[in-house]
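Worksheet for the structure shown next.
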């Protein structure tokens, strides 16, 4: 399986291949079995790209901790891949 670098991902920004490639990259580089939901990922990425926007995620009470961790992990990963620095 060919490996994808951060530079490869950056070169795909704006193309139809970006979302599937970055989801695959995140799944392949995460430790353990990350339950990555494409809808959550796309919503977070859209908020990051749009700037100072808010996102409300609804989930069952028992999944709040998991969704919180997933949202944080995806946010940091997306910011790093896009070229920013997480704060």
- prompt: Mind checking which residues of segment 38-58 are touching a residue at least 24 places away in the same chain (Cβ under 8 Å) and in contact with a helix residue (DSSP H, G or I) (Cβ under 7 Å, 6 or more places away or on another chain)?
  reply: 40, 41, 44, 45, 48
query: Can you tell me how many residues in segment 59-69 are surrounded by 10 or more Cβ atoms within 10 Å (Cβ to Cβ), in a helix (DSSP H, G or I) and without any contact (Cβ under 8 Å) to a residue 12 or more places away in the chain?
result: 5
field: Matching residues, segment 44-55, being under 11 Å from the mean Cα position of the chain (by Cα) and surrounded by fewer than 13 Cβ atoms within 10 Å (Cβ to Cβ)
entry: 46
statement: Inside segment 1-43, the number of residues satisfying the requirement of being farther than 14 Å from residue 77 by Cα, at pLDDT below 80 and exposed (fewer than 10 other Cβ atoms within 10 Å of the Cβ) is 5
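The values are calculated or read from the model by the stated rules, or taken from the named source; none is laboratory data. Here the structure is a predicted model, which is why all the values come from computation and not from measurement. Here the Cβ is made from the backbone with ideal geometry for all residues, glycine too, and neighbour counts use every protein chain on show.
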